[in-house]
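For reference, the structure discussed in these notes is given below.
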Amino acid sequence: MLAAALILCSPVYSASKKKKSKQSAKASQETVAPAIEQESVSTENAESIKLPSVKNQRTYFYKMDPVIMAAVENGSPDSLRSAMSSLRQTHGSELDETGKVLAFVSAEIMKLVWPSEKITWDIPSATEETPYTGALNSVRQGVFDSSTGNVDFLTTLLPALVILNNTADISVYENCENAVKAALELKSDSVLANYIMACVYEKKRNFDSAEKYLETAYNASKETDEIGLAYSRVLRNNGKLELASSILGGISGGSNDIAVLKQNAFIAFDSKDYDAAELYVARVLQQTPNDLEFLLFRAKILIEKNDYIHAVSLLDVYARQDNTSIDYLVLRARVQLDWSKNTTAATETVEKALQLYPDNTDALMFAARISSETDSPVAGKYADELAERVLEKNPGNTEAMTYALDGLIQRENWQEAYSASKNLISLGDVTPAVVEKYVNICLKLGKNNEAYEYAKAKFDANPSDEILLQSYILAYSKVGNRDAVLKYIDSLMGSASAKVKSNLYYRRSYLQLTEEKALADLRSSLISNPRNSDALFRLYELYYAKQDYRKAQYYLRQVVAINPNDTSFKKLNEALTKLMQ
């Protein structure tokens, strides 16, 4: 069964051995290949990595059987075991120092990279200090060893194994990437090198590149659990959920393995199968009840299922251990906004999240959502400004583009809103809400014919959608003959639902020539749907224009009650209250 630590690309490490001094490693290196000519690798961004010339090459393992060395350099568990079996058959039970070093290095690769695999050979003590043992000692201490000389495949690649050490910081990423690129120049089909390169790119959140290298490693070593888990994980991040699940099904640890259960939970959640995700999470917590990550994940699932009561209980339990986690803060803000309807508390929570994690995408997106819904800044920024920071990192994020559009509309920046809406529409799969916004923006800019043509095309394609009907009638009323538009609206009244009929009366009120008829239509609109916020606000505007402030406030207060998060309505009500005093 796999260890739980395999959920991450970095395996759990055993106790570090005593680190060899850099001076000893360098001194040993000088004895390894004194006659080697060096040349720069042609790979881009790998200037610091040197590869040996093919001329006069004599490295530490130059006497070793090339077949054995090729198997070690391949680095898969089966290849390592095969190499060590051949080494024993060739050299007998008593290995010379070179053989001991190779057996030791192979065992360390197995422990560090493939911890779920069994080591089937005796691990000798390698007393001689070499660049290989020095690099592995540095890896265990979270250090990238740049003193190996890079004279062959192993001295080039081994320092990059530090990417698997959780204590290594982000500063090693570039060195690791360059080292693996150089190693792949020497042996492009190495399972070990392809897997390590994938781990580098996964750490850098470049999942597309990680998938490419993992596909190579997986096809060459499908039975290796670490590769299968990593491949499934990266596929999930790339949205390939069905393939990710299929790969996960081949893991030898089985359905009860903690790492497999966790990945299944994530895949089920991303597939919006929240019941299945909750079952997987429950099985994880049965085995590891103190797993705070999955305690919080269960709360997230419950929120998606609208089970806020149980979700809040889990959030409270989690907060006793950690109340500053970004995931916790975003989930707490969601509960405050969606369940408690406490916009002020949700805003304060997400502002705390942005203070602690200013570049976190989830926090920025939730802040943009609050700003979009309230027409107010969050952390000093409006929805379009917050969403723009997300779009800088992910230009194709349609949710962020929608929030950005909302912010531009709220601030009446119509020209930029027009460009933003065109960009959003160009991505395809346009929602009725986006159609409505685009039509309104076009009308604000005087692009009446464009608004009408687009609204008509969308409505003709889906005539049963109420939002598209409203957008079409609005655009039609701007370009069509008044009598023709009134006739069309009247033709819809008989078969319309109460909600649609309310909207039809509201739209018809704008076409009436007298205030009396307009007011009659608005009252009819409210009879059909007393919560029609547009009709209520229109009545407020009419009575405000007549300076009948009491009636105006009567309708405006209802608008505020229906839209409690929209601060623009609250500001109007506050101003009207002061005017009446």
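From the list Ile309, Ile301, the one residue that fits, being part of a helix (DSSP H, G or I) and crowded, with 18+ Cβ neighbours inside 10 Å, is Ile301. As for segment 159-177, it holds at least one residue that is more than 27 Å from the chain's Cα centre (by Cα), touching a residue at least 24 places away in the same chain (Cβ under 8 Å) and open to solvent by less than 10 Å² (accessible area, probe 1.4 Å). Within segment 344-368, the set of residues being out of contact with any strand residue (DSSP E or B) (no Cβ under 9 Å at 6 or more places or on another chain), open to solvent by 50 Å² or more (accessible area, probe 1.4 Å) and not β-branched (Val, Ile, Thr) comprises Glu348, Lys352, Gln355, Leu356, Tyr357, Pro358, Asp359, Asp362.
Does Lys570 fit the bill of being of a type outside the set (A, V, I, L, M, F, W, C), in contact with a helix residue (DSSP H, G or I) (Cβ under 9 Å, 6 or more places away or on another chain) and either more than 22 Å from Arg411 (Cα to Cα) or free of Cβ contacts under 8 Å to residues at least 24 places away in the same chain (or both)? Steps first, please.
Working: of a type outside the set (A, V, I, L, M, F, W, C): yes; in contact with a helix residue (DSSP H, G or I) (Cβ under 9 Å, 6 or more places away or on another chain): yes; either more than 22 Å from Arg411 (Cα to Cα) or free of Cβ contacts under 8 Å to residues at least 24 places away in the same chain (or both): yes.
Against the criterion (of a type outside the set (A, V, I, L, M, F, W, C), in contact with a helix residue (DSSP H, G or I) (Cβ under 9 Å, 6 or more places away or on another chain) and either more than 22 Å from Arg411 (Cα to Cα) or free of Cβ contacts under 8 Å to residues at least 24 places away in the same chain (or both)), Lys570 qualifies.
Counting the residues of segment 100-126 that are open to solvent by 60 Å² or more (accessible area, probe 1.4 Å), in contact with a helix residue (DSSP H, G or I) (Cβ under 8 Å, 6 or more places away or on another chain) and not hydroxyl-bearing (Ser, Thr, Tyr) gives 2. Starting from residues that are crowded, with 18+ Cβ neighbours inside 10 Å and not small (Gly, Ala, Ser), keep the ones in segment 453-466 and report whichever is nearest to the chain's Cα centre (by Cα). Looking at the filtered set, the residue picked out is Lys458. Of the residues Tyr418, Tyr452, Tyr472, the single one that is at pLDDT 95 or above, among the aromatic types (Phe, Trp, Tyr), in contact with a helix residue (DSSP H, G or I) (Cβ under 9 Å, 6 or more places away or on another chain) and under 20 Å from Ala387 (Cβ atoms) is Tyr418.
Arg523 - would you say it is of a type in the set (Lys, Arg), within 26 Å of Gln558 (Cα to Cα) and under 46 Å from the mean Cα position of the chain (by Cα)? Before you say what the answer is, go through the steps one by one.
On the way: of a type in the set (Lys, Arg): yes; within 26 Å of Gln558 (Cα to Cα): yes; under 46 Å from the mean Cα position of the chain (by Cα): no.
No; evaluated as a whole, the condition is false for this residue.
Quick one: would you say Val500 is open to solvent by less than 40 Å² (accessible area, probe 1.4 Å), in contact with an Asp or Glu (Cβ under 7 Å, 6 or more places away or on another chain) and part of a helix (DSSP H, G or I)? For Val500, the condition - open to solvent by less than 40 Å² (accessible area, probe 1.4 Å), in contact with an Asp or Glu (Cβ under 7 Å, 6 or more places away or on another chain) and part of a helix (DSSP H, G or I) - is met. In segment 197-218, the residue that is surrounded by the most Cβ atoms within 10 Å (Cβ to Cβ) out of those that are closer than 15 Å to Ser232 by Cβ and in contact (Cβ under 8 Å) with a residue 24 or more places away in the chain is Ala198.
Gly250 passes every criterion in (1) without any contact (Cβ under 8 Å) to a residue 60 or more places away in the chain; (2) in contact with a Gly (Cβ under 8 Å, 6 or more places away or on another chain); (3) open to solvent by less than 10 Å² (accessible area, probe 1.4 Å); (4) not charged (D, E, K, R) apart from (3). Selection of segment 134-150 for residues being open to solvent by 10 Å² or more (accessible area, probe 1.4 Å) and either free of Cβ contacts under 8 Å to residues at least 12 places away in the same chain or of a type in the set (A, V, I, L, M, F, W, C) (or both) yields Val143, Phe144.
Taking segment 33-68 as the range and being at pLDDT 50 or above, outside any loop (DSSP other than H, G, I, E, B) and touching a helix residue (DSSP H, G or I) at 6+ places or on another chain (Cβ under 8 Å) as the test, the residues that pass are Val67, Ile68. In summary, Arg236 fulfils each of the numbered conditions (1) more than 29 Å from Ala168 (Cα to Cα); (2) assigned to a helix (DSSP H, G or I); (3) open to solvent by 10 Å² or more (accessible area, probe 1.4 Å) with the single exception of condition (1). For segment 380-409, filtering for residues that are open to solvent by less than 50 Å² (accessible area, probe 1.4 Å) and within 23 Å of Asp338 (Cβ to Cβ) leaves 15.
The values are calculated or read from the model by the stated rules, or taken from the named source; none is laboratory data. Because the structure is predicted, anything quoted here is derived from the model rather than measured. Virtual Cβ from ideal backbone geometry, glycine too; neighbours counted across all protein chains shown. Quick note on the areas: whole protein, heavy atoms, side chains included, nothing else; ligands and nucleic acids left out. Shrake-Rupley method; radii C 1.70, N 1.55, O 1.52, S 1.80 Å.
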